Amino acid sequence: MNLPNVKIVIGSGSMGNVTLSDDGISGMILTGTAVPEKLELNKVYVLGGMTDLKKYGIEEKTNPLLVKDLTAFYSAAGEGAELHLLVVSEATTLTQICANEDGSPLNRLINSAAGRIRLVGINRNTPAEYELIAEKCLDADIITAITAAQTVADAFLEKIAPFRVFIPAIGWTGETDGLYQPREGSCNRIAVVMASDGKIGESKLYSAAIGQVLGRAAKISVHQNLGRVRDGAIASTGYMTDGKTPEEHFSELGILNDAGYIFYRTYIGKNGYYLNGDAMAAPTTDSYCYLSSGRVIDKAAVIAYRTYIDEILDNIEVDPESGTIPTAICKSFEASIIRAVNTNMNGEISSFTAYIDPSQNILANGHMEITCKIVPLATLREITVNLSLENPA
């Protein structure tokens with residue numbers, strides 16, 4: 001018999017912490033062909049690695065784009081990364097894929113995962129007979145697709161299902177005079193990829209490296225830049241979507257960077273290709289003109305939603321004389337979001353604050369407003385070293 005005592009059992013508790021694992025969950029919409037009894041068009045499949053290509057009968061002979069982009073994705077993201085795949089017919093345009101209509105491929109993909117997808121890569125392998133209609137030095141289909149994809153992304157943001165999209169810069173003519181400028185748009189949820197990993201199949205055009213860029217984004221933390229040098233080269237060989245190498249476009253790279261494209265670049269003394277950055281199709285005055293900034297705010301938005309959703313239609317105590325919120329209640333609500341963000345975004349932001357004005361008359365309108373502010377981590381984009389010779393005498 002044990003000695004009489006008081007026994008304390010420590011349980012798992014319920015501290016209101018919000019654990020997220022959705023940061024790198026990705027989706028991909030690619031053009032291809034169906035595989036009888038294995039792969040259907042317009043149906044979403046969830047992949048976990050390269051072994052799934054055999055499972056769904058995906059082969060280079062019949063689906064070269066799928067093999068290329070799926071292989072590139074898992075090479076960058078690693079085996080086990082969750083990827084939602086939707087294959088559409090090769091005749092489907094980018095604009096049709098991104099259409100803001102019920103049942104469109106982009107809507108279908110996001111809905112299938114109940115809003116868990118945070119990154120989407122879209123690519124098209126144009127048929128050999130495809131006649132490119134150039135507008136501003138690109139396939140005109142790209143320009144309308146960017147706007148359509150932004151509209152869909154904005155709609156899902158209202159449902160607290162934020163995501164960012166990579167779209168290919170198909171058919172770039174190689175010219176910069178009159179080139180479409182993503183930075184002059186207002187589509188801060190869309191990135192335009194000009195990096196290419198070569199021709200595939202019968203297409204006359206060079207394919208954008210969507211799987212590769214998407215895989216890098218899926219692997220890194222939300223606050224990190226796609227082009228971070230410390231992560232190493234993303235490719236050993238590569239092109240721009242006009243078929244020329246980055247070296248052949250060396251004098252235009254600054255122009256393309258300012259225009260807002262994502263492409264390969266090199267660094268003296270380092271082997272391989274790196275990405276130039278993570279620009280979105282929005283001006284630099286936009287707070288979310290970089291993918292990393294947008295992913296940080298998206299993650300914080302989801303955390304805030306999950307932190308407070310259980311409070312909806314619940315009762316809280318108010319000041320009996322004014323109907324306002326007692327200070328203690330305000331501090332409790334502030335503490336819950338601060339705790340959740342600090343727990344889930346440790347190392348991804350510099351600081352986070354929350355404030356609730358206690359003078360709000362919640363008894364009258366049932367509305368509480370919480371002001372949250374994030375101080376992000378800075379991204380070191382340029383280093384100037386002032387170096388000179390000196391004669392100490």
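Values computed for the structure shown
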item	result
Restricting the range 126-145 to residues that are among the hydrophobic types (A, V, I, L, M, F, W, C) and assigned to a loop (DSSP other than H, G, I, E, B), the residue that is surrounded by the most Cβ atoms within 10 Å (Cβ to Cβ)	Cys137
Subset of the range 43-77 (residues that are out of contact with any strand residue (DSSP E or B) (no Cβ under 6 Å at 6 or more places or on another chain) and in a loop (DSSP other than H, G, I, E, B))	Lys43, Gly48, Gly49, Met50, Ile58, Glu59, Glu60, Lys61, Thr62
Selection status of Ile309, outside any strand (DSSP E or B), outside the structural domain of Tyr239 (by TED's automatic domain parsing) and in contact with a helix residue (DSSP H, G or I) (Cβ under 6 Å, 6 or more places away or on another chain)	no
Conditions (1) closer than 25 Å to Asp139 by Cβ; (2) touching a residue at least 40 places away in the same chain (Cβ under 8 Å); (3) in contact with a strand residue (DSSP E or B) (Cβ under 9 Å, 6 or more places away or on another chain); (4) assigned by TED's automatic domain parsing to the domain that holds Thr147; number of the one not met by Cys289	(4)
Within the range 200-210, considering residues that are closer than 14 Å to Ala169 by Cα and of a type outside the set (S, T, N, Q), the one modelled with the lowest pLDDT	Leu205
Subset of the range 221-255 that is of a type in the set (A, V, I, L, M) and touching a residue at least 24 places away in the same chain (Cβ under 8 Å) - its residue that is nearest to Ala76 (Cα to Cα)	Ile234
Number of positions in the range 363-380 that are under 23 Å from Ala301 (Cα atoms) and either among the polar types (S, T, N, Q) or in contact with a helix residue (DSSP H, G or I) (Cβ under 9 Å, 6 or more places away or on another chain) (or both)	8
Only one of Ile338, Ile356, Ile349, Ile383 that is farther than 14 Å from Lys299 by Cα, surrounded by 13 or more Cβ atoms within 10 Å (Cβ to Cβ), aliphatic (A, V, I, L, M) and not assigned by TED's automatic domain parsing to the domain that holds Asn276	Ile356
Where Gly201 falls short, out of the listed (1) within 23 Å of the chain's Cα centre (by Cα); (2) over 14 Å from Thr93 (Cα atoms)	(1)
Some residue of the range 53-69 being hydroxyl-bearing (Ser, Thr, Tyr) and in contact (Cβ under 8 Å) with a residue 40 or more places away in the chain	no
Among the residues listed as Ile370, Ile356, Ile349, Ile383, the single one being touching a Ser or Thr at 6+ places or on another chain (Cβ under 8 Å) and of a type in the set (A, V, I, L, M)	Ile356
Answer residue from the range 257-275, given it is surrounded by fewer than 16 Cβ atoms within 10 Å (Cβ to Cβ) and either at pLDDT 95 or above or not hydrophobic (A, V, I, L, M, F, W, C) (or both) and is farthest from Ser236 (Cα to Cα) among those	Asp258
Residue match in the range 112-119 (condition: surrounded by fewer than 24 Cβ atoms within 10 Å (Cβ to Cβ), within 16 Å of the chain's Cα centre (by Cα) and part of a helix (DSSP H, G or I))	no
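So that you can scan it fast, the table gives a plain yes or no per residue for (1) under 13 Å from Ala281 (Cα atoms); (2) surrounded by 15 or more Cβ atoms within 10 Å (Cβ to Cβ); (3) in contact with a helix residue (DSSP H, G or I) (Cβ under 6 Å, 6 or more places away or on another chain):
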site	(1), (2), (3)
Ile110	no, yes, yes
Thr147	yes, yes, no
Asp154	no, no, no
Ala169	yes, yes, no
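The values are calculated or read from the model by the stated rules, or taken from the named source; none is laboratory data. Because the structure is predicted, anything quoted here is derived from the model rather than measured. Glycine gets a Cβ as well: all are built from the backbone with ideal geometry, and neighbour counts include every protein chain shown.
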